[in-house]
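Here's the structure, in structure tokens; my notes come after.
The values are calculated or read from the model by the stated rules, or taken from the named source; none is laboratory data. Just so it is clear, the model here is predicted, and its values are computed rather than measured. Note that we place each Cβ from the backbone using ideal geometry, even for glycine, and neighbour counts take in every protein chain shown.
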Amino acid sequence: MPEPIVQFNNVRKSYQMGMFTVEALRGVTFDITEGDYISIMGSSGCGKSTLLNLLGCLDRPTTGHYLLGGEDVSGMDDDSLSAVRGARLGFIFQSYNLIQQLSVVENIEIPLYYQDRPEAESRERAIKLAKRVGLAERLDHKPFELSGGQQQRVAIARALVNDPLVILADEPTGNLDSASGVEILKVFDELHAQGKTLIIVTHDPTVGRRARRTIRLRDGHIESDIRHP
Amino acid sequence: MSANNPPPKNDSAWRGLSVARLQRAVRLGIRSLWLHRLRSLLTVLGIVFGVCSVIAMLAIGEGASYEAQEQIKSLGSQNIILHSVKPPDEQKVSNQGSQSRVLQYGVTYSDVQRITATIPGVTVMLPARIIRDYVWNISHRVDCEIAGTVPWYPTMRNHRVASGRFFTEQDMAGQKSVCVLGAEMVPMLFPMQSPLGKQVRVGGDYYQVIGVMEARGHDAKTDDATESKDKSAAYRMFIPLETAKLRYGEVLMRRRAGSFEAERVQLHELTVKVASLDQVTIVAGAVKAVMERNHKKKDYQIDVPLEMLRRAERTKQIFNIVLGSIAAISLLVGGIGIMNIMLASVTERTREIGIRRALGARRRDIIIQFLVETVMLSGIGGILGVMLGVTIPLIVSHTAGMKTIITIWSPLLAFGISALVGVIFGIYPAVRAAKMDPVEALRHE
Ligand SMILES: Nc1ncnc2c1ncn2[C@@H]1O[C@H](COP(=O)(O)OP(=O)(O)OP(=O)(O)O)[C@@H](O)[C@H]1O
Ligand SMILES: [Mg+2]
């Protein structure tokens with residue numbers, strides 16, 4: 001059994017809303033090993049996005065520990081968390097989140113930019129990834145010139161550019177028609193086949209079933225954690 | 001599997017400021033400013049006008065005060081100048097009680113004696129009698145001041161002879177009929193030829209022209225800045241003092257409204273030279289005391305060029321302070337404009353900030369990104385402002401004939417301040433951008 005790359009140990013997250021405290025996650029414990037393909041599901045407001053933000057080091061747990069690649073990131077300062085995000089995580093969002101004034105290649109390069117990689121090397125790598133997601137013809141296009149599916153493929157290339165430990169996706173097909181959604185899911189299957197670790201938050205049962213493992217949340221608890229055959 | 005590059009250590013706080021990173025930040029900044037060209041241009045205008053007005057006003061002010069100071073200096077900073085002035089109550093006082101009255105006033109030869117005798121530190125005295133009359137060359141005529149004075153006038157009043165010579169002790173002793181013309185009147189009297197050696201006529205007397213003085217800038221009347229507002233004071237002819245005494249005596253007749261009026265004035269002007277600069281004020285006080293003791297009426301006026309110079313310098317200082325405040329305010333306004341735009345830009349780009357933060361940008365990367373933009377805005381404004389600010393004084397001196405002086409430090413200062421304004425007013429929006437929570441920023445619509 002290989003060492004898990006993500007370890008969640010009784011993680012809680014609460015938000016203070018004036019006099020009330022909203023418990024978004026009430027003690028979540030699970031491990032993820034390298035190469036796993038996980039979907040996180042559950043009804044609206046059950047804490048999926050909160051969990052993904054914690055996994056993505058965009059936020060810190062209120063209590064509990066989160067070990068990423070064996071390193072405890074739950075108590076890190078802001079700069080260190082930024083470094084971790086830039087080097088070890090890849091993000092894919094429901095609304096693509098590309099920067100509008102930058103071209104396809106420049107969008108893909110962003111994570112490398114903040115790691116001070118040599119410009120020529122970054123450019124080369126970004127072009128390679130753009131080709132890999134089928135955008136060889138669109139390198140210098142701006143995001144608004146692309147379809148939703150193409151934009152999401154740019155986002156996938158961007159999530160891969162820093163060779164992350166884990167790729168995190170929040171409703172990646174939520175804004176897409178079913179055909180484009182299927183395209184994206186095919187890309188995810190390929191990535192899984194190559195041994196990438198994927199965590200996908202989704203409402204869509206067909207998306208959920210494609211994963212190897214589904215964690216179901218309910219009211220900030222893990223309701224079920226099943227492995228598909 | 002290669003998914004194991006360790007997170008980079010941020011050991012040095014300055015890692016984020018590598019030259020390459022800064023270059024990229026500048027390129028990024030240019031692009032986002034270019035994306036909102038009109039907005040950037042309008043923002044920059046505030047700084048442009050601020051910087052440009054500072055430089056232009058400084059140049060014009062500097063030029064004006066330089067001219068004033070040069071004129072005062074030309075009077076001689078070691079000199080004290082006394083003028084005879086008709087006392088204000090002259091109309092009522094009748095000297096002799098008859099219908100022909102002789103008005104007696106002004107600086108006298110005994111004043112000269114008293115000053116030399118009682119005040120140490122006075123080296124040379126320069127008396128002058130001034131008579132208003134027409135000077136003729138055949139049919140050419142100039143209304144002119146004829147100054148009877150001494151041979152050392154040119155050296156003491158820093159007024160050099162341009163051609164020919166000034167009269168000498170011998171000319172003076174011999175009461176010769178020689179004269180030296182002011183440069184300004186030469187073209188009017190002798191439009192075609194050189195005046196040297198020619199004769200001019202005043203009344204019934206002829207004088208031989210032996211020299212021409214240097215021109216005194218384009219505003220010749222300020223040669224005696226306080227003496228007379230009369231335009232004709234611009235034209236002066238010099239003759240030996242003894243010759244003047246011989247020709248005119250001490251009583252001057254003047255026809256006025258049908259009756260004659262006589263004035264007895266011994267000296268119209270007396271220049272006192274002091275041995276050293278630091279004694280000027282003391283000697284001036286002593287001269288004032290001597291004059292007050294011997295003149296019941298205030299029939300004289302004392303001008304001290306050094307004090308005028310100091311006053312001019314003080315005026316210039318005040319001017320500079322006022323100018324500095326105006327400059328500061330206009331740059332402040334420009335800075336506020338920049339801050340306003342940057343705050344709007346930060347709000348507008350909240351989502352972008354969230355994306356960049358999620359993809360590994362640290363707070364200081366965001367700060368640098370926004371700060372580079374503001375500094376570029378104010379820097380471009382500064383450069384345009386300097387270019388405009390240097391051009392305007394040139395145009396002004398060309399069209400209005402005013403002297404302007406652009407000192408090297410004024411564009412540097414103006415540019416430096418504008419860059420500083422960019423940094424100061426850029427910091428708050430940049431910090432605000434960097435402080436945003438990435439999760440919140442990503443959710444922003
Ligand atoms: N910043 C916040 N401040 C206060 N409460 C929050 C905040 N973020 C989330 N919550 C609360 O935490 C709970 C979980 O929210 P979360 O966004 O994780 O739900 P979700 O499972 O992603 O829902 P959806 O499927 O609708 O996206 C909700 O009750 C929500 O109101
Ligand atoms: Mg959600």
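Out of A:G69, A:G42, I need the residue that is surrounded by 22 or more Cβ atoms within 10 Å (Cβ to Cβ) and either at pLDDT 95 or above or touching a Leu at 6+ places or on another chain (Cβ under 8 Å) (or both). Which one?
That would be A:G42, the only listed residue that is surrounded by 22 or more Cβ atoms within 10 Å (Cβ to Cβ) and either at pLDDT 95 or above or touching a Leu at 6+ places or on another chain (Cβ under 8 Å) (or both).
Any idea which of A:G56, A:G47, A:G148 is closer than 22 Å to A:T202 by Cα, within 16 Å of ligand 1 (Cβ to nearest atom), within 19 Å of the chain's Cα centre (by Cα) and away from chain B (no Cβ under 13 Å)?
From the options A:G56, A:G47, A:G148, the qualifying one is A:G47.
Sort out for me the helices (runs of 4 or more DSSP H) sitting completely within segment A:128-229 that have 3 or more residues that are closer than 30 Å to A:Q101 by Cβ.
A:148-160, A:178-193
When you scan segment A:124-183, how many residues do you find that are surrounded by 20 or more Cβ atoms within 10 Å (Cβ to Cβ) and within 16 Å of ligand 2 (Cβ to nearest atom)?
The total comes to 6.
So which strands (runs of 3 or more DSSP E) stay within segment A:1-81 end to end and still have 1 or more residues that are without any contact (Cβ under 8 Å) to a residue 12 or more places away in the chain?
Strands (runs of 3 or more DSSP E) meeting the threshold: A:6-17, A:20-32.
Within segment A:191-204, work out how many residues are in contact (Cβ under 8 Å) with a residue 40 or more places away in the chain and either more than 14 Å from every other protein chain (Cβ to nearest Cβ) or within 16 Å of ligand 1 (Cβ to nearest atom) (or both).
5
Among the strands (runs of 3 or more DSSP E) contained in segment B:81-165, which hold 2 or more residues that are farther than 23 Å from B:Q208 by Cβ and modelled with pLDDT under 85?
Where strands (runs of 3 or more DSSP E) fall fully within segment B:81-165 and carry at least 2 residues being farther than 23 Å from B:Q208 by Cβ and modelled with pLDDT under 85, they are B:102-104, B:122-137.
Just give me the residues in segment A:23-44 being within 8 Å of ligand 1 (Cβ to nearest atom) and among the polar types (S, T, N, Q), in sequence order.
A:S43, A:S44
Which ones in segment A:107-123 are surrounded by fewer than 20 Cβ atoms within 10 Å (Cβ to Cβ) and acidic (D, E)?
Of everything in segment A:107-123, those that are surrounded by fewer than 20 Cβ atoms within 10 Å (Cβ to Cβ) and acidic (D, E) turn out to be A:D116, A:E119, A:E121.
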